Every structure is written in C-alpha cells, then in structure tokens.
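Laboratory data are not the source of any read-out in this text; all were calculated from the coordinates shown. Only a predicted model underlies this, so the values are computations on that prediction, with no experimental measurement involved. Using ideal geometry, Cβ is built from the backbone for each residue, glycine included, and neighbour counts are taken over all protein chains shown.
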Amino acid sequence: MLTGALIVVISFLYVGLLFAIARYGDKRADAGRSIIANPYIYTLSLAVYCTSWTFYGSVGRAATSGIGFLPIYLGPTLMAALWWYVLLKMVRISKAHRITSIADFIASRYGKSHVLGGLVTIIAVLGIVPYIALQLKAISASFSTILQYPNNLISAAPDALPFLQDNTFYVAMLLAVFTILFGTRHLDATERHEGLVAAIAFESIVKLVAFVAVGIFVTFGMFDGFDDLFSKASAVPELNALLVQGGAAGNYMTWASLTILSMLAIILLPRQFQVSVVENVNERHLNKAIWLFPLYLFAINIFVLPIALGGMMHFPAGTVDADTFVLTLPLSENRTWLALLAFVGGLSASTGMVIVETIALSTMVCNDLVMPILLRLKALRLTEREDLSALLIGIRRAAIVFILALGYVYFYLAGEAYALVSIGLISFSAVAQFAPAMLGGLFWKGGTRLGALSGLSAGFLIWLYSLLLPSFAKSGWLPITFLTEGILGIDLLKPQQLFGLQGMDEISHCLFWSMLANIGLYVSVSLWRRPTAAEHSQANLFVDVLRHVAAGSGPRFWRGSATVADLQTLLGRFIGPERASESFASYARSQGINGVDQLTANAVLVHYVESQIAGAIGSASARDMVASVVIEEPLALEEVMTIIDEASQALAYSRQLEQKSRELEAATNELRSANQRLQELDRLKDDFISTVTHELRTPLTSIRAFSEILGDNPQLENAQRAKFLGIITRESERLTRLINQVLDLAKIESGAAEWHPSALDMREVIEDATTALSQIYKERGIKLTTGLPDALPVVYADRDRIFQVVLNLLSNAANFCDKPDSRVHVSVIVEETALRIEIADNGIGISANDQSFIFEKFRQVSDTTSGKPKGSGLGLAISKEIVQHYKGRLWVVSTPGIGSTFSFTLPLPRSKLAFLAA
Amino acid sequence: MIRPTLKGQRLVALFLLGCLLFNYPLLSLFAGDMRIWGIPLVYVYLFSAWAILIAAMALIIERRDQ
C-alpha cells in the first residue's frame, strides 16, 4: 500500500527532477549549446495543451458522452494545418517586434494601445485563473484518491482542510517557486526560458508514457485487446447505448462548437502563445510540429475510450468517479507502480500547464497592466529611476505568486462546486474572444483600435453574463433565480437562453452570441472610421510580415533626435546596465560597426532599443519610455501630407511622362502623314508641270508651223497669208490666256492672290456677263435667258472674280451646246443662308464618270464629236477655288443627252441672316 | 525560411477537407449501429480519418520540393 509520505516524497522528487532539467537547460543555453533547439522538443512543449483535463477529464467525459471528448483534439489538428500561415505570421511578427504575450501582440497590432493590452490581460486572467484552479484540484484529487483507495472514491476532492494541512497548498507554493526560479531568472528582451521549455517537454513525455501505459494495461492486461473489450462493452446495455447513441449522433452543434473553440484555443491560450510563439527558437521547427503535434494528440487519445469502458465494466456503476479511472484501475489490480506512474503523469500534466500559464499571465499582468499604470503615476517618479530591472523582476514574481494564490483560493472556495466541472470549456470560450482582433489583425488591414476594443468588450461581457456568472449561480454563489428567471425577472435576459434562443448547449449558446457581438462590432466599428497613421503603419507591418522580411521590422516614418548614450542608459534601466552594453555591442556588430561609440542614433537604433525594452515591459509602455529620451518630433500632419504629396507627385510625374510619350507618338504620326502629303504634292507638281508644258506646246507648235509656212512661201496669196496670220494671232492669244490662267491658279492656290471684296449685286454681275457673251451666243444660235428676282440681298465678294466665274460657266455652257434649239438659262435663288446661282443648259451633258473630275486641273471632257478639247482645262478649277474662297460651293448635276446644271453658292453676310431669321 | 508556396496551399486544402470529414453531415453517415472488429463504426471512422489526415500533413511537409 502506498503511504502518504511515499507519495509526497515521490511528488517532491519529481518536481526536483524538473528543477534539475530546467537548470541543465538554462546552463546549456548560457553556454550557447541549446538542448531545445530542435523540432521535437518544440512539439513536445506544444503538448502543454494536454493538461490534467486531458489526462483525467477525457476519460470522465468519454464515460458520460462517448465520443464527445474528441473535438477538443480534432480542432487543434485542423488548426495545425493552418499554422503554415497563421502561426508563422505570429512568430515572425513577435520576433520582429519583441512581442512577449498575446496581450502585447494585440495591443501592438492596434497602434500600441495601453487600453487594449490591459483589457486582454484582464480577460485572460479572469478566464484562466479557474483553469489553474482546476489543475490544482486534479493534483489534490489524484493525491487523495491514490492515498485513500479503496475508500472515499466518489467525492474525489478531499473535504476542505485548513490550508496549512492541505497538500495542494504546498504543491502550489512549490510551483510558484519553480516558476519564479526558471521563469524570471533574468529580464531578457526575448523573454525566452530554455530550461523551462526543456522541463515542459520532459513533462509531455511523462504524461504520454504514463497514459499510454495505463491504456495498454487496461486493454491488453485486463482485457484481451480492443476486440474483446468492445465486445464485452456492447454486451452491457448502458455501455452499448453510450457507444451507439452517445456517439457523434448526440449533438452535432455541440460537436462543431467544441471543434471551433479548441481550434482557437490552440493558438490563443496564453500558455500556447508562450510555448509556440515566444519560446520558439527557429521558425523552421514549425514545419515538423504541424504534423508531429497532431500525432501526439492522436497517441494520447487512442486509449481514452478503452480506459473509460474498462472502468465502467470493472467497477459497479456509481461507485467510482470516472475521472479517476486512470488511477483506480491499476490500483484495483494491485499494480501499485503503474498507479504511481499514472499519478506522476497526472502531476506532470497539471504542473506543466500551471507553470507555463502562470509565466504567460505574469508577463501580461506586469507589462500590460501594472507597468503602464505605474509609469503613469507621476508621484512615483518611475521614469526618473536609474535601474528599473529589479522592480520589473519584482513585479513579475509578485504576479506569479498572486496568480497562483488566486488559483488556489478559487480551488479552495469552489471545492467540489459545479464551477470546476466544465471550467476548461469556459476558459476556452474566454480566450476565443481574442480571435476576431487577433486573426482579423493578422489578415485584415482595416481593423482599428476602437473596433478591436468594442468587439472584445462586447464578447467578454456576453461571455461573463452567459457562461461565467451562470456557473457561479450553479455553484450557489449567486441566487439560482438569476438562471431560471433572468436578471430582474426579465424572461428575454435569461443568461443561457438569451433573447429566447433555445435548443443550444451553454457553450454553443455563448459562442454564438459572443461571436456575433464580437465580430459584428469589430468589423462595423473598424469600418466606421479610417485607421489613424499609427494603426495603419502597424497594420501594414503585421499583415504584410511574410512579404518583407528584412525591411519589415523597421519603423516606417520616424523623425527625431537622441544620443546613443541616452538610449543605452534607458535600456540599462530596464534590463540592467551590463546586459544593455552587451546588447549595444551586439547591435553594433550586426550593423558592421566597430564600436558602440561609432553608432549613430538613427531611427533603426531607436527602434532596436524600443523593441528590446518592449521585451521587458511591453510595446505600449516601451514606446512611452523611448519617447521620454528621444526628442521625437511627432510626425505632423504636414509631414504626412508631404510624404503623401511626394508619392502623388511621383505618380503625377509618371503620368506626365506617359502623356508626353503619347503626344510624341501623335506628333510622329502627324509628321508621317505630313510627309506623305508633301510627297503627294510633289508628285502633283510634277504632273502639273508636265501637263502645262504639254498644253503650252500645242499652240506653240501651230504658231511655229504657220510662221514657217509664211517664211518659206513669200509668194502666198494675200488672203491665204491673212488667214494664217489670223491663226497665229489666235493661238498667241490662247497661249497668253493659258499662261494667265496658270499664273492665276498658282496665285490663288498659294494664297498670294489679291482679293478686293465689296458689296455685290449678283443681278448686275449676271447681266454684265450675259451682255459680254451675247455676241457669241447669238453667233452660235443659242438662246440665253435669265430668271432673276427683282431685289437680291447683297453678298460680299471680289466683283471681278465672281464675274470671271459666271463668265466661265456661261462660256462652258455655250461650248457644249450644239443642238439647233439650244438654250441656256441663268437663275438666282435666295436660300436661307446663301445665294444660289444656277446655269442650266440642254447640251450634251456630262457622264457620271466625268462629273467626278471635271473640277480638277487640266481635266476636261473631250468633245466626242470633234475629239478636240476646247479651252484650257483650268476654268472650272479656278472657278472652284474662287467660290471656295468665299466659303461657297460649286457643283454640277447632269444627265448625258439632256443637259447640265452648274450651280454655285455665295454665303449671305451675317446681318442679312439675322434679318431673315427675324 | 518558410516560403508560402504550394505546401501552404495544400495544407489549407487539407484543413478544409478535415473540416468536412469531422463534421455533420459526413459524420452522420457513420453514426449507425455497425461494428468493425467489435468497434463502433463512428470510432473507427474518426480515428482512421484522423490518422490519414496526419499522414497527409506529414507527407506534404516532409516531401522535398521537386
């Protein structure tokens, strides 16, 4: 039989062994040969997740709800798959900013906010202290079980003894001493505790080995393997019901809620943050832990159900508490040493949790609750103290004692009360409130301080109201009417049927309402306002941490001045002068500078000092402290504007460049088309010259021919001679006319022609023209008629030029009329904006093909009857130029064989338009 | 240095698969009265799905990038 003394000795020996391991770990770390720097130790330290709640509680839970114990381990398995992104980010950020607790992390993410850090700390302490009490209770219960077996098995906890006679009190004291020795050995910017981690990893091995040993003993020792055990269990009606109905079929909503809660707990519980983020030596270790840690959970869960079933079959129903099966089964078979191993396993599960959780909480309490307050109390003049490191360590140690004492008091008061039974899940629900601010902060840049603050507060209050206070009511510390009738008797406010929501278990109920409020407020309040500059800067550093590794840690915008000596003194006040000078020396080395005296106090150094101090007192306080020595010129709005301005100027400049290049392209295109036009004009000029010379040669040839005839034949008759001389004169005149027209056209086209506009009466012009040509018309027997209105509005144009146009069109008409009853009719029509002059003939007409080019130079319609062109071919071209000069239009409508109508318009002056419009 | 590569995406996919496997409605398919070697089907299912998931994670992590 085991005596109390033996058990006490073994307990103390075990804790002594932990001391030795921790000491060895620290020594190796100081010597630079870490024993924890490998993924296996890292994984084992993560297994601090498995507490006595796993070791004893899982079996108890399996005995009442079958498979219902499993979600608590499936959730972390699922989350492990996301560690690749989530945990890696947390580790990177924490290393870059020397973040040492989850409160610090959240505070730092939202612009280094004291209030947020404090709130997180309070929630964590309130949520976790009962959980610590649960571990103490487990230690106490296992102690009394193993001591009093086979008596007193239902009431697993001893009747409350005066605490001086209570072993649990001494265990708590011992744990406090251990935690203080190895958790606050010295202040370090990284807050890493190698020896402690080594001890925790060792504990993880112990609890796994112990539990599996008991499992194997039950399955293969007491029964004949799984097959036998399950078959026998199925034969018992109650157990069969548990196996079938108590399985997952029970309540899928509870199942899902527990999965989600445990998923969040594995990254948000302070102790998990401590071991997985703060104590992480190398982020590569994360890799293997992703699958090794779930494997550990798998291994420790295989035998939960066999032990539960074995216990229920072995002991008569109701005689032994299922929570103690791990101990009582070996005891009942007289396997004393196995029972002792199980006891030590349970002890390691409890102590591991208590130690790490206490360190994590004490860091938070010191950095995010006590220090900010102390530093603000001007009366203490703390900011002027020379060396604060002793004070800091003192606060940490006091916090450790305080938290453990709190846990013990809770355990002592709660005893066997309801409050302890499902306290694990209540704690999980509390830390789950960090999820929106934490995960949102990791992946969403828009989250703001106010959003996080309001979400957290709302979630916390709902947790308090719907989970923690009801547990107090069930323990009898609050009137039970609080639960059954709601606060003030208002039905809708029943804590566990909030707003009438029913049909959910209390955990799912709390999870739903708290997350609704938490996420809802976090998102909506964050979206309410634009983040401030500080929040924005931090958000970028956190969310994009995987993107810029090397540059990611530096402050984005900083202006200020400080001396290196000031900074070193400041750091010395928090971590001690020696460590400070070491730290500066190593910083100088890392910057490639020979000595500390050659350092310059720039933004990077200030940030380095700030992050070192942050390790000791938290990021928010560190910022204040650094600001006290660094004459930091706050980034004024104008400067921010300048930075933004510079950025936008650069942007504008690049836009201008783009614009310029587009313009250049357009100019190039214009040049290219201008060049093409020039080439075209050049070609036209060549054509023109060759045509003109050709046209000139025709009359010249005939003049020369007739002159030669006259010269060679002096005996020609006079009549003949006169005829030839007449031809020569006419050809000369034609030549002169042609040259005049060419010159005229050239002048008009080049813009060198002189214009003499005057008020013009078209009636008069047309009458003059018809008079001038009446002789020719009479000779050719063509009837010329006019249809002119009595009064015409005046137009402004050069009289001679317009006269020329009319004359040209009339002589053209005469040239193409060769029928016996030829007629030419000239008319003027007053249009809305212009005068239209029409000259219509009933001559041979112009084919559609010819109409298209008759207005071009030297193009004329060949006379189909004579084959010889009449005129120079420039008349219409010149007419068109003249009409176009006065913004008019010249065109022809013609049907071959019936006649042609040439029309041109001359715009009316504006005043006339106005007159007509009126 | 851990690079957020294909491995990370594979793990996320595995996470989603796990969420499906470990929850209603897939879970309810195995809630019957059937036994395998005397062990209720749902236990066999959960533990084997769990084991497979862990094995897949190990495979993804440990496999060298081609």
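Three principal axis extents of the stretch B:6-62 based on alpha-carbon atoms, in descending order, are 41, 22, 7 Å. Computed from the C-beta positions of A:E582 and B:T5, the FRET efficiency with R₀ = 45 Å rounds to 0.75.
For A:K232, the lysines whose Cα falls under 30 Å of its own Cα, not counting residues fewer than eight places away in the same chain, are A:K207. Projecting label points 7 angstrom from Cα along Cα→Cβ for A:A705 and A:E283 puts them 10.3 nm apart.
Would you please put A:348-355, A:738-745, A:278-285 in order of how densely packed they are, using the mean number of other Cβ atoms within 10 angstrom per residue and starting with the highest?
Packing order, densest peptide first, comes out as A:348-355, A:278-285, A:738-745.
Axis angle, to the nearest 10 degrees, between helix A:114-148 and the longest C-alpha principal axis of chain A: 30 degrees. I want to make sure I understand the PRE zone here: with the label point 7 angstrom from the Cα of A:D800 toward its beta carbon, which residues in the stretch A:820-861 have backbone N atoms less than 17 Å away? Zone members listed by number: none at all. With 0.36 nm allotted per residue and the present C-alpha distance subtracted, the A:S732-A:A752 stretch has 4.5 nm of extension available.
Cα centroids of the stretch A:708-786 and the stretch B:34-48: 122 Å apart. Between A:V604 and B:A55, the simple spin-label model (points 7 angstrom out along Cα→Cβ) gives 5.1 nm. Distance between the 7 Å Cα→Cβ label points at A:N38 and A:H536: 4.9 nm.
Sorting B:K7, A:K89, A:K27 from the fewest to the most surrounding beta carbons within 10 angstrom yields A:K27, B:K7, A:K89. On full extension, the segment bounded by A:A666 and A:T833 gains 56.4 nm, given 0.36 nm per residue less the C-alpha separation. When the helices of the protein assembly as shown are scored as -39500 (n - 2.57) per DSSP H run of n ≥ 4 and the total is divided over every residue, the value at 222 nm lands at -21000 deg cm²/dmol.
DSSP beta bridges fully contained in the protein assembly as shown are about 85 percent antiparallel.
Each of A:Y653, A:Y410 has some number of other Cβ atoms within 10 Å of its Cβ, and from fewest to most they run A:Y653, A:Y410. Since only A:Y296, A:L511, A:T701 are under comparison, the one whose Cα sits farthest along the positive direction of the charge dipole of chain A, derived from C-beta charges on Lys, Arg, Asp and Glu, is A:T701. For the residues of A:223-234, the average number of beta carbons from a partner chain within 10 Å of their own beta carbon is 3. A Cβ-based charge dipole, computed about the Cα centre of the protein assembly as shown with Lys and Arg at +1 and Asp and Glu at -1, lands at about 760 debye. Scalar couplings 3J(HN,Hα) for the stretch A:301-317, obtained by applying the Karplus form with A = 6.51, B = -1.76, C = 1.60 to θ = phi - 60°, are 9, 4, 9, 4, 5, x, 5, 4, 5, x, x, 5, 7, 6, 9, x, 3 Hz; x denotes Gly and Pro. For the protein assembly as shown, what class follows from the C-alpha gyration tensor (a ≥ b ≥ c being the square roots of its eigenvalues): rounded when a/c is under 1.5, otherwise prolate if a/b is larger than b/c, else oblate? Prolate, since a/c reaches 1.5 and a/b exceeds b/c.
Counting other Cβ atoms within 10 Å as a rough exposure proxy, the listed residues A:W528, A:W291 run A:W528, A:W291 from fewest neighbours to most.
So if each residue of separation counts as 0.36 nm, and I subtract the Cα-Cα distance between A:I487 and A:D228, what length gain in nm does that give?
88.0 nm
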